[in-house]
Structures are given as structure tokens and as C-alpha cells.
1. With everything on Cα atoms, drop me the angle between helix 16-28 and the longest principal axis of the chain, reported from 0 to 90° to the nearest 10.
2. Report, to one decimal in Å, the Kirkwood hydrodynamic radius for the stretch 2-98 based on all distinct Cα pairs.
3. With +1 on each Lys and Arg Cβ and -1 on each Asp and Glu Cβ, how big is the dipole of the chain about its Cα centre, in debye rounded to the nearest 20?
4. Please rank 69, 31, 84, fewest neighbouring Cβ atoms within 10 Å first, as an exposure proxy.
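Nothing in this text is a laboratory measurement; each read-out follows from the coordinates by a stated rule. Values in this document were obtained by computation on a predicted structure and should not be read as measured data. We place every Cβ from the backbone using ideal geometry, glycine too, and count neighbours over all the protein chains shown.
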Amino acid sequence: MISIRFDSESEWWVSGKVFERLFQSALKDGTMPSHLEEWLRVADANGGFNVSHLAPAEAGELIAALRSTAEREVEQLRDVPETTEDGSYRVSLEKLLALPVSGV
């Protein structure tokens, strides 16, 4: 598990596998700017990171890309049973989208 902390009140606990899948999807479709790819490695190496420690513009780009991609992925997987790998992925993304994240 890794922890993606957005601010003092919003934290997303997620498996590294789910985070990598979401991040790679965002990179692949161009939603995530390539200069932010380092944060995937940071999360993997450190068990997560605190988005509020990033420069505000970079944090906004990162959050917007993750949330936008998560919304798209949830929609694509809306009919997948929760008991499948894709369904578990969707549930994790829904938890991200339910977080009150400021600054986006």
C-alpha cells in the first residue's frame, strides 16, 4: 500500500499496483504531462508522497490528471463486477474521486 496525501485532511491509501495502473494510463493517453512521471517512481520508492509539498502548479497538474483519468476509467469499468481485478481497480478509483481535494 502507498499513501497519496493531498492535504492535511485528504489521503488516498491505495495499492502500488492500482496507482501505477492509473498513472500509466494517464501518461499513455496524454492526460499526465511526462515531466510528472518522476512522481510514480517517488511513490513506489517511498510508499507514497505528499502532494501539498509540490509546487502549486505541479500539484494541480498531477491531481487534475489523476482525477480526470480516474473518472474516465471508472466510466469504462462501470459494469465490471467488484470481485474482479478490474472491479477492484474501479472501487479504488472511486475512493480517490470521493476525496474532497482542494486546490484543483
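1. 80 degrees
2. On the way: mean 1/r = 0.0743 Å⁻¹.
It works out to 13.5 Å.
3. In debye, rounded to 20, the chain gives about 60.
4. Working: 69 23, 31 16, 84 11.
If I rank by nearby Cβ atoms, fewest first, I get 84, 31, 69.
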